[in-house]
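The values are calculated or read from the model by the stated rules, or taken from the named source; none is laboratory data. No experiment lies behind these values; they were computed from the predicted model shown. Note that we place each Cβ from the backbone using ideal geometry, even for glycine, and neighbour counts take in every protein chain shown. Each accessible area value is taken on the protein alone, full model and side chains, heavy atoms only, with ligands, DNA and RNA left out. Shrake-Rupley method; radii C 1.70, N 1.55, O 1.52, S 1.80 Å.
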Amino acid sequence: LDIEFDLSQVMFICTANTLDSIPAPLQDRLEILRFPGYTHNEKRHIARTYLLPKQLKEHGIKEGRVSVTDGAIDRAIDEYTREAGVRSLNREMANLSRKAAMKFVSGETGQLSIEAENVPQFLGVPKFHREKNSHNAVGVSTGLAWTEVGGVTMAIEVAAFPGKGELKLTGKLGSVMSESAQAAFSYLKSISKELQLG
């Protein structure tokens, strides 16, 4: 506009779900306040108490016509959202309410029960697949990973083959994960004779 503005009494607030996409020079000029994400149980409670009743009402569905089990909400959280907050969960509750309203309008049913098994009929193919909890076995161990959207367990697999005795890490690992892997590798080297490793 090429007009001077007095910004002396103005405070700019920037919000983001992750810091990765904010350039480092801009981060240097920001006062960063971190707010932790919701736990799975908190998300379920928010969906049950606020999001679902609000969306059902907005879609013209009278109270008591739709029953949604905790298992259905859990599946919506696990397989259709991946976030620290509940924005996507609110969208999924809106999708679920829209599909339920369509069933009522078309005269398919007068009462709906949404359970974990029939969630895909309302929300479609799952967007995210959680790794099944694996048991520790030869070459497989269970690990815990922390991300901006919460913690997850994952199976960590290893393959041994003839070589120079070096450790090769694959995937996008941060410095902490790389250091942890190197520490584990060093420990294995220190007890290799006891374990009869080549």
So, in the range 72-126, of the ones that are among the small types (Gly, Ala, Ser), exposed (fewer than 15 other Cβ atoms within 10 Å of the Cβ) and over 18 Å from Leu56 (Cβ atoms), which residue ends up nearest to the chain's Cα centre (by Cα)? Gly124
Qualifying positions in the range 149-168 - open to solvent by 70 Å² or more (accessible area, probe 1.4 Å) and β-branched (Val, Ile, Thr): Ile156, Val158
In the range 8-25, residue farthest from Pro36 (Cα to Cα) [restricted to those that are modelled with pLDDT of 85 or more and open to solvent by 100 Å² or more (accessible area, probe 1.4 Å)]: Gln9
Scan of the range 169-198 for residues that are part of a loop (DSSP other than H, G, I, E, B), open to solvent by 80 Å² or more (accessible area, probe 1.4 Å) and under 21 Å from Thr142 (Cβ atoms), ordered by number: Thr170, Lys172
Name the residue that is modelled with the highest pLDDT, counting only residues in the range 138-148 that are open to solvent by less than 50 Å² (accessible area, probe 1.4 Å) and more than 19 Å from Lys172 (Cβ to Cβ). Val140
Can you spot a residue in the range 177-193 that is among the basic types (Lys, Arg) and within 30 Å of the chain's Cα centre (by Cα)? no
Go through the residues of the range 39-55 one by one and say whether even a single one is modelled with pLDDT under 95, open to solvent by less than 60 Å² (accessible area, probe 1.4 Å), polar (S, T, N, Q) and closer than 21 Å to Asn17 by Cα. no
Single unsatisfied condition, Val152 versus (1) part of a strand (DSSP E or B); (2) β-branched (Val, Ile, Thr); (3) at pLDDT 80 or above: (3)
Scanning the range 56-71 for residues that are under 13 Å from Asn95 (Cβ atoms) and surrounded by 15 or more Cβ atoms within 10 Å (Cβ to Cβ) gives Leu56, His59, Val68
Output for the range 66-86, where each listed residue is within 20 Å of Met102 (Cβ to Cβ) and touching a Ser or Thr at 6+ places or on another chain (Cβ under 6 Å): Ser67
